[in-house]
Amino acid sequence: MITHMVLLKVRPTVPAEDVSRVFQAIGDLQKKIPGILSYSWGPYSSPEGLNRGFTHGFCMTFVNAPARDVYLDHPEHEKVKAIVLEVLDGGIQGVIAFDFGH
């Protein structure tokens, strides 16, 4: 199994309903791309303050690395990436992606 973690710096001027729509679009990929086992997301909520400006995050789990690789290159994923980039502070600099297997 592969866990795909993504942290995002969403611009503070983006309305909450637009943020929700972005994360709904990400979650909808589970219906369009095979191999996604789970998806969850949310705003930063820790009192530690170690988020370094990243405001939201999501995790997906995939059945295996090949399923994750299909997702990464999938046309539907590319469409959603464009939507995500529209709300980010700093464009691609406002994203951290980190995958690990277990």
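All of the numbers you see were taken from the coordinates with simple rules; none came from a lab. Since the model is a prediction, treat every value here as computed from it, not as a measurement. Cβ coordinates were reconstructed from backbone atoms using ideal geometry, including for glycine residues, and neighbour counts include every protein chain displayed.
Laid out as a table, the results:
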| item | result |
| --- | --- |
| Set of aspartates and glutamates with alpha-carbon distance to LYS79 below 20 Å, sequence-local pairs under 8 removed | GLU17, ASP18, ASP28, ASP69, ASP89 |
| Simple Cβ-charge dipole of the chain, Lys/Arg +1 and Asp/Glu -1, about Cα centre, in debye nearest 20 | 40 debye |
| Cα-based shape type of segment 34-102, given that a ≥ b ≥ c are square roots of the gyration tensor eigenvalues and the cut on a/c is 1.5 | oblate |
